[in-house]
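Student: My questions all concern the structure below.
The values are calculated or read from the model by the stated rules, or taken from the named source; none is laboratory data. Source: prediction; values computed, not measured. Note that each Cβ is placed from the backbone with ideal geometry, even for glycine, and that neighbours are counted across all protein chains shown. Just the protein is used for accessible areas: all its heavy atoms, side chains included, with ligands, DNA and RNA removed. Shrake-Rupley method; radii C 1.70, N 1.55, O 1.52, S 1.80 Å.
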Amino acid sequence: LRSKTWIWISTNYNDGKYLTPKSPGKFTLKLGTGKFSATTDCNSMSGNYVSDKTTITFSQIASTLKFCDGSQESDFSEMLRSVSSFNINSKGELVLNLRYGVGASVFR
């Protein structure tokens with residue numbers, strides 16, 4: 001997990017909502033030792049995370065405060081706050097599963 005910068009590809013919600021970044025490549029996630037950093041189409045973010053073999057939770061998420069009209073940053077940060085577990089799929093993509101089984105986000 002910590003060996004690369006992951007790029008957000010999509011989030012698929014079980015209610016049929018499907019999100020993809022309007023600005024591909026702008027939304028990234030990099031995991032360090034207990035800390036993470038992220039970029040969006042507007043601001044940068046950072047915070048803490050805890051993980052074991054299959055679970056992961058993000059906390060104390062902070063962001064720079066620039067306003068960008070039409071940004072998907074709020075969708076991205078809400079998704080991070082909702083993550084409960086992860087797996088690496090057969091394509092080598094990071095899949096972040098959202099709490100209560102409401103959906104999943106894919107990163108390459």
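Student: Could you count how many Lys pairs in the chain have their Cα atoms under 25 Å apart, skipping same-chain pairs fewer than 8 positions apart?
Tutor: The number of close lysine pairs in the chain is 20.
Student: Across the range 29-45, in residue order, what do the Karplus-derived ³J(HN,Hα) couplings come to in whole Hz, using 6.51 cos²θ - 1.76 cosθ + 1.60 with θ = phi - 60° and x for Gly and Pro?
Tutor: Once rounded to whole Hz, the list reads 9, 10, 9, x, 7, x, 10, 9, 10, 8, 10, 10, 6, 9, 10, 10, 9.
Student: Take the Cα of Asn14, step 7 Å along the line toward its Cβ, and report every residue of the range 66-87 whose backbone nitrogen sits under 16 Å from that point.
Tutor: Residues passing the 16 Å test: 82-86.
Student: Can you tell which of Leu31, Ser82, Ser63 lies farthest toward the positive end of the dipole of the chain, using +1 and -1 charges on the Cβ of basic and acidic side chains (Lys, Arg; Asp, Glu)?
Tutor: Of the options given, the answer is Leu31.
Student: So, one more: Ignoring everything except DSSP H segments at least 4 long, calculate the 222 nm mean residue ellipticity for the chain; use -39,500 (n - 2.57) per segment, divide by total residues, nearest 500. Intermediate results must be reported in sequence, preceding the final value.
Tutor: Working: 1 runs with 9 residues, N = 108.
Per the formula, -2500 deg cm²/dmol.
Student: Ordered by residue, what ³J(HN,Hα) values in Hz, to whole numbers, does the range 17-26 give under the Karplus form 6.51 cos²θ - 1.76 cosθ + 1.60, where θ = phi - 60° and Gly and Pro are x?
Tutor: Couplings: 6, 10, 10, 10, x, 5, 10, x, x, 7 Hz.
Student: Right, next: For Ile9, enumerate residues with amide H under 5 Å from its amide H, sequence gap 5+ or separate chain, H modeled in the peptide plane.
Tutor: Hits under the 5 Å cutoff: Val106, Phe107, Arg108.
Student: HN-Hα J couplings of the range 58-75 from phi, Karplus 6.51/-1.76/1.60, θ = phi - 60°, integer Hz, Gly and Pro as x?
Tutor: Those phi angles translate into 9, 8, 6, 6, 10, 9, 5, 10, 5, 8, 9, 4, x, 5, 9, 4, 5, 4 Hz.
Student: Probe radius 1.4 Å, ligands and nucleic acids ignored: give me the carbon and sulfur share of the accessible area of the range 52-108 as a rounded percent. Please report the intermediate quantities before stating the final value.
Tutor: Details: 1800 of 3340 Å².
Carbon and sulfur: 54 percent of the exposed surface of the range 52-108.
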